[in-house]
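Let me begin by presenting the structure, written as structure tokens, before commenting on it.
The values are calculated or read from the model by the stated rules, or taken from the named source; none is laboratory data. Remember, predicted model here, so these are calculated numbers, not experimental data. Ideal geometry is used to build each Cβ from the backbone, glycine not excepted, and the neighbour counts take in all protein chains shown. Heads up: the accessible areas ignore ligands, DNA and RNA and are worked out on the full protein's heavy atoms, side chains in. Shrake-Rupley method; radii C 1.70, N 1.55, O 1.52, S 1.80 Å.
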Amino acid sequence: MKSNLFTYSVLTVGVVAAMGITTANAATPTGGASGSFNVTNKATASYTVAGNTTSQTAESNVVTVNVSETGSFSLISTVVDNTPNDDFGRDRPINAQANSTVDFTHTLTNGGNVNDTYTINIANIANGAGDDFDYNLTNSIIKYQKVNAAGTNVGGEITVANGGTVALAPGEKALITVTAQAGTKRVADTNGILTVTAESTYLKAKPGNTAATTYTATNTDNALTKTPIYAITKSATTNLGNKN
């Protein structure tokens, strides 16, 4: 399963040169033109002149940096246990009984520098071409755990409906688990394919992004029906001792 990475850059970065002084105030973002924002900085320094105890203040010119807004995200199928999935050339195993479930895991990452909201959808594909059964989308569950750029969990695990949204700040990730339920009995070695998509609100709103492929990432999950292997061992006991 290949990853999906989307990047959108509106403007190049422009810098207005300014005088440098010893100390500087923290950069403050301000509203800018559509597709970019301005970061302004003004340096100040305090000093005294020999023979005069009065404090003097020096100020630099204002430095303005025009920063491009960049929308970028990825949706990558991952493994949270020792069971290999389709990313590694295999399928996740699912029991043959009705209402059996299988977990598919994905990592959604906001790689841009703007806040973004992503719509998560799961769907069956048309049977055929390697797909033998469908999942019960109504009974399937989508959960995610948000993680910040430092790798620390943000809040607790959240359950969303099919078509629900995940809001991420720049650098944040959502660890998504889709628990898909197959409602009918299946025979061994049948395969069920599920698609998981993430749609970027930021990229979808950009001019020219009319095709879904410009703002949507799609992963394909596979589960292969497996049945247990049984062995019967026969034995007998007798009270005849050494007699035949």
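Structure notes:
- Put simply, of 191, 153 the only residue that is in contact with a strand residue (DSSP E or B) (Cβ under 7 Å, 6 or more places away or on another chain), of a type outside the set (D, E, K, R), open to solvent by 50 Å² or more (accessible area, probe 1.4 Å) and under 29 Å from residue 93 (Cβ atoms) is 153.
- Residues satisfying the stated conditions in region 171-188, i.e. surrounded by 16 or more Cβ atoms within 10 Å (Cβ to Cβ), farther than 15 Å from residue 119 by Cβ and within 14 Å of the chain's Cα centre (by Cα): 172, 173, 175, 177
- Counted residues, region 121-141 - those being out of contact with any Ser or Thr (no Cβ under 7 Å at 6 or more places or on another chain) and either polar (S, T, N, Q) or open to solvent by less than 50 Å² (accessible area, probe 1.4 Å) (or both): 9
- Test for residue 111: is it under 12 Å from the mean Cα position of the chain (by Cα) and open to solvent by 40 Å² or more (accessible area, probe 1.4 Å): yes
- Residue that is modelled with the highest pLDDT, among those in region 88-98 that are open to solvent by 40 Å² or more (accessible area, probe 1.4 Å) and touching a strand residue (DSSP E or B) at 6+ places or on another chain (Cβ under 6 Å): 93
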